[in-house]
Amino acid sequence: MACLIGRRDLVGAGLAALVAGRAWAQPVFRLGLTPVFLDNDAAVIDGLRRALSRGMGREIELVQRRTYQDITGLLLERGVDAAWLCGYPYLQHADLLGLVAVPVWRGAPSYQSYLIAAAADPAGTLTDLRGGTHAFSDPDSNSGYLVTATDLRRMGERADTFFSRSIFTFGHRNVVRAVADGLVRSGSVDGYVWEALAAIEPDLTARTRIVGRSEWLGFPPVCARRDMLGSDPVQALQRALMDLPTTDEGRRALAALHLDGFQQATPDLFDGIADRMRDLET
């Protein structure tokens, strides 16, 4: 009897290993990342990758590029299976892209764009920054470009003439650094990133101040091609994102990202960004 039980145990263990092996033998899932969060922190990225890999039951490769355009292009061309984008590029390609999930930050799937200047700068509004130098994050960033560009358009101004010079830093953290170090007078930055930096790098954000905040807008979403939304891998990613708060590993990843979790969303969450896109085109 003992021998029989031992054999059964061995068979059971072998079957479990076979099933597990098949699960992890699935094609690697490629998830694109843009500078929507603190993407130069290797520990944060690896924590997210491990939590999602465990939740999906397959290996995940996180693909990073310098610009939003690069990652959006990869997604459209099927170079990645899904991507954490921004509401602006999502809407630019809404005919081809669909929503997988949207992060929840401070209890809601929304965030603000911050207009910042040096801590000692006397500017009280965007108007006071006329003639100064300015740092944008990325030309396809809502919080790092579109908001300020449309605020200026609504004033009858244009960024290229309102500021004496403007630059793109291709990273929200880089915008904060440029302002803090005096490389530019002001900057347009993701409010979520600025607040996260205030918690982990307070000496950096203390050298800046918030001049203005936008209205609340849809948080940068995780997207996939519309024709892939119903596929097993993308559905597995959606479930893994939703389930992050239910595991220790997932909760650690969310804490590192300063997020509450992820939820499903509909396109109307991004109506405010769509309004700004129309204003920019007029």
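Values computed for the structure shown
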read-out	value
Answer residue from the range 31-43, given it is buried (at least 19 other Cβ atoms within 10 Å of the Cβ) and not in a loop (DSSP other than H, G, I, E, B) and is modelled with the lowest pLDDT among those	Leu33
Yes/no for Ile210 being aliphatic (A, V, I, L, M), closer than 25 Å to Leu269 by Cβ and over 19 Å from the mean Cα position of the chain (by Cα)	yes
Selected residue [in a helix (DSSP H, G or I), within 16 Å of the chain's Cα centre (by Cα), at pLDDT 95 or above and in the same structural domain as Met242 (by TED's automatic domain parsing)] from Leu48, Leu52	Leu52
Residues of the range 139-184 satisfying the condition of being buried (at least 20 other Cβ atoms within 10 Å of the Cβ) and hydroxyl-bearing (Ser, Thr, Tyr)	Ser141, Ser143, Tyr145, Thr148, Thr150, Ser166, Thr169
Matching entry among Arg58, Arg66 (being in a loop (DSSP other than H, G, I, E, B), among the basic types (Lys, Arg) and loosely packed, with under 15 Cβ neighbours inside 10 Å)	Arg66
Residue in the range 200-210 that is surrounded by fewer than 17 Cβ atoms within 10 Å (Cβ to Cβ) and among the acidic types (Asp, Glu) present	yes
Those residues of the range 229-241 which are surrounded by 17 or more Cβ atoms within 10 Å (Cβ to Cβ) and among the aliphatic types (A, V, I, L, M), in sequence order	Val234, Ala236, Leu237, Ala240, Leu241
Residue within the range 92-105 that is assigned to a helix (DSSP H, G or I) and assigned by TED's automatic domain parsing to the domain that holds Thr246 present	yes
Candidate set from the range 96-118 (those that are in contact with a Lys or Arg (Cβ under 8 Å, 6 or more places away or on another chain) and under 23 Å from Asp271 (Cβ atoms)); member that is surrounded by the fewest Cβ atoms within 10 Å (Cβ to Cβ)	Leu96
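The values are calculated or read from the model by the stated rules, or taken from the named source; none is laboratory data. These numbers come from a predicted model, not from an experiment. Backbone-built Cβ (ideal geometry, glycine too); neighbour counts: all protein chains shown.
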